[in-house]
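J.: This is the structure I have questions about; it appears just below.
Read-outs: derived from the displayed coordinates by stated rules, not from any lab. The model shown is predicted, which means the values in this text are computed figures rather than measured ones. Virtual Cβ from ideal backbone geometry, glycine too; neighbours counted across all protein chains shown.
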Amino acid sequence: MAHRDDPLYIGDRKVAPESLMMSYGYLPALSEGALKCPIFQTSTFVFNSAEEGKAFFEVAYGLREREAGESLGLIYSRLNNPDLEILEDRLCLWDEAQAAAVFESGMGAIATTVLSFLRPGDRLLFSEPVYGGTQYLFRNILPQFGIETTSFRASEGLLGMERAVRHAAADGRLRMVHLETPANPTNHLVDIEGAVRLAREASGVADRDPDRPVLVSVDNTFLGPLFQHPLKLGADLVLYSLTKYVGGHSDVIAGACLGSAELIGKVKESRTFFGSMAGPWSGWLLMRSLETLKLRMTQQAANARIIADWLLEQPGVIRVYYPGHLKEGDRDWEIYRRQCHAPGGMVSFDVAGGEAGAFHLLNRLQLIKLAVSLGGTESLAQHPATMTHSDIPPEEQRQMGITESMVRLSVGVEEVEDLKADLAQAMEGLEGL
């Protein structure tokens, strides 16, 4: 069957996302024939008539239902902007989401999303470890708004998650289960389909409001949007720090939330009044980056596999945390086989000498940069225990699997032999510490 008027198809062939990243959602004829989408650096938009302005605001503020084929007209860049709308359309293609909302940071996406659905008295359950900023928001900020948070260890597997969900849902107050998988920085996997099943069961707890089911959100920054698709596994919401792989050049801060049109509509309503949306410059930079996303992530994953295998052979390395090393019989093997398409570009490893050994390595790096963040074209290394996860007490870090000797490496697109040479010279003398 031909889809002649559908931009997602050429004849009967569905066009791949990496091809659509160049043009989807943008008509050059509307912008003087410009091949690339311009930067719409404007705060407000001119209406063609007062009637049009009235109609736009009726839709924007939910004063009436949209008519068939009607979209939200351009009003003000806090509500919508062409750069953001086109970017959101393109982001949806990778995850096959109905809608997306882009924010000025990954934390803006997470905070706006949880506050869109959680109310005082609700409970949030999350996997640990997670990104340090997320951990602080959940543990220290949300409780100030009357939202109870509790957690389970990613290393405890499905049984640990089952115990945590059933305990958290016993009184009907569980509202959201948030996962970050692979876990940051240990690379432990969390079963998304298992979490979805448990959340659906918890939604049926007696005396629970049927209009407020338990939602499952997944931070997909480590593997997405190429190598893992949580929405296809049943998750309600998928979150990204677009700063990382999607941005990919360490020059933009942004985040996103994707899901159904209904849920993202609620997120966008909150975004409008929280003022946490991304600006047109961020939108333009991210559209640029989407064009090379698959090329970059594929090369980073290929380099990471070589580095991870090489690290196993180094005398100063005690342990390597890398999903690509999982084998049949390992606890995370079945999860990896079901929900991951590749192991990604993140490798963590323990070195001899504890914190001193890790610092010895980090301080001697030449090509690889000592910096937090990840997913950029350049390789970055850091010490989670004293940097990204330093707000977590040491004893809790150990329980989560974060050791004082752990180094987290985000593998870039450099020549992999140069990366090996840099790590080799940096590890010289480790065994004597």
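J.: What does the convex hull of the alpha-carbon atoms of segment 77-290 project to on average, in nm²?
T.: Taking a quarter of the hull surface, the average projection is 10.5 nm².
J.: I've got another one for you. Using the scaling law 2.2 N^0.38 Å as the reference, what is the normalised Cα Rg of segment 1-121?
T.: For segment 1-121, the normalised Cα radius of gyration comes out at 1.25.
J.: Grab the other residues whose beta carbon is less than 10 angstrom from that of L374, score K and R as +1, D and E as -1, and report the net.
T.: +2
J.: Quick one: grab the alpha carbon gyration tensor of segment 70-168, order the square roots of its eigenvalues as a ≥ b ≥ c, and give me rounded if a/c is under 1.5, else prolate or oblate depending on whether a/b is larger than b/c.
T.: prolate
J.: Turning to a different aspect of this structure: For the chain, what proportion of DSSP beta bridges, expressed in % and rounded to the nearest 5, is antiparallel?
T.: Around 55 percent antiparallel, to the nearest 5.
J.: Another one. Mind checking which of D12, D95, D418 has the largest fluctuation in a GNM of the chain, springs on alpha carbons under 10 Å?
T.: Result: D12 has the largest fluctuation of those listed.
J.: Here's a follow-up. Between F138, F152, F40, where does the largest GNM mean-square fluctuation fall for the chain, given springs only between Cα atoms within less than 10 Å?
T.: Sorting by GNM fluctuation, first place goes to F40.
J.: Which of K14/K294; K294/K369; K36/K369; K327/K369; K36/K294 have a Cα-Cα distance over 27 Å?
T.: With Cα atoms farther than 27 Å apart: K36/K369; K327/K369.
J.: Another question, then. Could you please report the charge total around E18, scoring K, R as +1 and D, E as -1 over all other residues with beta-carbon less than 12 angstrom from its beta-carbon?
T.: Summing Lys/Arg as +1 and Asp/Glu as -1 gives +2.
J.: If you stretched the chain out fully between Y61 and Q144, how much longer would it get, using 0.36 nm times the residue separation minus the C-alpha to C-alpha distance?
T.: The span from Y61 to Q144 would gain 27.0 nm if fully extended.
J.: While we're here: Taking 8 Å as the Cα distance limit and 6 or more residues as the minimum spacing, I'd like the relative contact order of the chain as a percentage.
T.: It comes to 16 percent, rounded to a whole number.
J.: A further question on this structure: Translational D (Stokes-Einstein, µm²/s) of segment 293-432 at 20 °C and 1.002 mPa s when Rh comes from the Kirkwood sum over C-alpha pairs?
T.: 139 µm²/s
J.: Add -39500 (n - 2.57) for each DSSP H run of 4 or more in the chain, then divide by its residues: what number comes out at 222 nm, to the nearest 500 deg cm²/dmol?
T.: After summing the helix terms and dividing by residue count, I get -10500 deg cm²/dmol.
J.: A further question on this structure: Run the numbers for E32 and I306: contour at 0.36 nm per residue of separation, minus the present Cα-Cα distance, in nm.
T.: 94.0 nm
J.: Which percent of the Cα-Cα distances in the chain go past 34 Å?
T.: That tail contains 34 percent of the Cα-Cα pairs.
J.: Another question, if that's okay. How are the C-alpha pair distances of segment 52-102 spread across 10 Å bins, as whole percents from the shortest bin up?
T.: P(r) over segment 52-102, rounded to whole percents: 23, 47, 28, 2.
J.: Roughly what would the spin-label model give for L159 and D251, points 7 Å off Cα along C-beta, in nm?
T.: Inter-label distance under the simple model: 5.1 nm.
J.: Kindly rank 270-277, 98-105 from highest to lowest mean number of other beta carbons found within 10 Å of each residue.
T.: Averaged packing, sorted descending, gives the order 98-105, 270-277.
J.: Using a Gaussian network model on the chain with a 10 Å cutoff between Cα atoms, which of W281, W310, W94 fluctuates the most?
T.: Sorting by GNM fluctuation, first place goes to W310.
J.: So how much slack lies between A371 and A424, counting 0.36 nm per residue of separation and subtracting their Cα-Cα distance, in nm?
T.: 17.2 nm
J.: Could you work out the local net charge near L223, counting Lys and Arg as +1, Asp and Glu as -1, over the other residues with Cβ closer than 12 Å to its Cβ?
T.: After counting each charged neighbour, the total is -2.
J.: At a threshold of 8 angstrom on Cα-Cα distance, excluding pairs fewer than six apart, so keeping six or more, what relative contact order does segment 38-155 reach in percent?
T.: Relative CO of segment 38-155 lands at 18 percent.
J.: For segment 276-349, what is the relative contact order in percent, using Cα pairs closer than 8 Å and at least 6 residues apart in sequence?
T.: Value for segment 276-349: 37 percent.
J.: For segment 82-124 and segment 383-409, compute the distance between their C-alpha centroids and round to whole Å.
T.: 28 Å
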